[in-house]
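Below you will find the structure I want to go over with you.
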Amino acid sequence: MQTNNTTKQAFKAALFDLDGVVFDTEPQYSIFWGSQCRLYHPEQPGLENRIKGQTLTQIYDGNFADMPEAQKAITARLNEFEQQMHFDYLPGLLTFIDELRQRGIKTAVVTSSNTEKMSSVYRQHPEFKGLFDAILTEEDFAHSKPHPDCYLRAAARFSVPCGQCIVFEDSFNGLRSGRAAEMAVVGLSTTNPAESIAPLADVVIADYQGLNYEILCEKLSVCRKK
């Protein structure tokens, strides 16, 4: 990723993935995919951990390409599961988002989730749309993460240069997407260990507690000088 001498006033947009970044949903998905992987691929223990952060298409192409009936069954179960799951905000997120917006920072959710899943989010959290200036879902992208398309489109939505955007991600594909877009990348250790995502992130955090814009900019500045 190209770096520059970013000042504290340089960042104009904060772009957030959804699962594991806005909502603490990854433990629930681990349970779901664990059950499906054990059902269809008992010969590959731990497969649910290796597919974390992949889109449904990527999961199917890589592990269920020759199992069309299994794909249909899993999709139906997943849709039902997502209608029942709960969406809990990560600690400190709401305070952090509020502070960003008070500073005039544009905020967006950039997720591979589809509109059906998002309808469950909106049903549980009627306030959700009001937290962000834009919400981009899989229907808005031509390419999935780790391709940078999703983050490039988010930046274009706000007419903000990539060098003035911060990406918040937890998955390897998401982190690589932010890197490829040449944006500052904050990794959340909600899905993978901090040490494993550190090479793909400028800063690693566990959640948003105690984080504000000034602290984040200081962390990024120190990191980029190393």
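Just so it is clear, none of the values below were taken in a lab; they were calculated from the coordinates. Here the structure is a predicted model, which means the values were calculated and not measured. Virtual Cβ from ideal backbone geometry, glycine too; neighbours counted across all protein chains shown.
Helix-derived [θ] at 222 nm for the chain: sum -39500 (n - 2.57) over DSSP H runs of at least 4, divide by residue count, nearest 500?
Values: 11 runs with 104 residues, N = 226.
The per-residue figure over the chain is -13000 deg cm²/dmol.
Can you give the local net charge around residue 52? Use residues other than it whose beta-carbon is closer than 9 angstrom to its beta-carbon, Lys and Arg +1, Asp and Glu -1.
Numbers: positive: 50; negative: 26, 48, 170.
Neighbourhood net charge equals -2.
Treating the beta-carbon of each Lys and Arg as +1 and of each Asp and Glu as -1, no other charges, what is the dipole magnitude of the chain about its Cα centre, to the nearest 20 debye?
Numbers: 22 positive and 29 negative charges, 153 e Å.
The calculated dipole for the chain is roughly 740 debye.
If I stretch the segment between residue 73 and residue 35 completely, what's the gain in nm (0.36 nm per residue apart, minus their alpha carbon distance), one decimal? All intermediate terms of the calculation are to be shown ahead of the outcome.
On the way: separation 38, 0.36 × 38 = 13.68 nm, distance 1.27 nm.
So the chain would gain 12.4 nm between residue 73 and residue 35.
Which angle from 0 to 90°, rounded to the nearest 10, does the C-alpha axis of helix 26-40 make with the longest principal axis of the chain?
With both axes taken from Cα atoms, the answer is about 30 degrees.
Using only the Cα atoms of the range 15-100, what do you get for the radius of gyration and for Dmax, in Å?
That works out to 15.0, 48 Å for Rg and Dmax.
Within 10 Å, count the other beta carbons around each residue, average over each peptide in 17-23, 132-138, 65-71, 151-157, and list them highest first. Don't skip to the end; give the middle numbers.
Numbers: 17-23: 25.0, 132-138: 18.3, 65-71: 11.9, 151-157: 21.1.
Those peptides, ordered most packed to least, come out 17-23, 151-157, 132-138, 65-71.
Take every DSSP beta bridge whose two residues both sit in the range 92-226, then give the antiparallel share in percent to the nearest 5. Display every interim value, and only then the final one.
On the way: 0 of 10 bridges.
In the range 92-226, DSSP labels about 0 percent of beta bridges as antiparallel.
Follow-up question, since we're still on this one. Between the alpha-carbon centers of the range 170-226 and the range 100-157, tell me the distance in whole angstrom.
18 Å
Count the DSSP beta bridges whose two residues both fall in the chain, then state the antiparallel fraction as a percent rounded to the nearest 5.
Working: 1 of 20 bridges.
Taking every DSSP beta bridge with both residues in the chain, the antiparallel ones total about 5 percent.
Given that just one value was derived from the coordinates, which of (i) 135; (ii) 154; (iii) 116 is volume of the Cα convex hull per residue in Å³?
Working out volume of the Cα convex hull per residue in Å³ from the coordinates points to (iii).
Which order do the peptides 119-128, 92-101, 183-192 take when ranked by the mean count of other beta-carbon atoms within 10 Å per residue, highest first? List each step's numbers first, then the result.
On the way: 119-128: 14.0, 92-101: 16.8, 183-192: 25.2.
Highest-to-lowest ranking by the protection proxy: 183-192, 92-101, 119-128.
I've got another one for you. So how tilted is helix 115-124 from the main axis of the chain? Cα-based, degrees 0 to 90, rounded to 10.
Taking Cα atoms only, the helix is inclined about 70 degrees.
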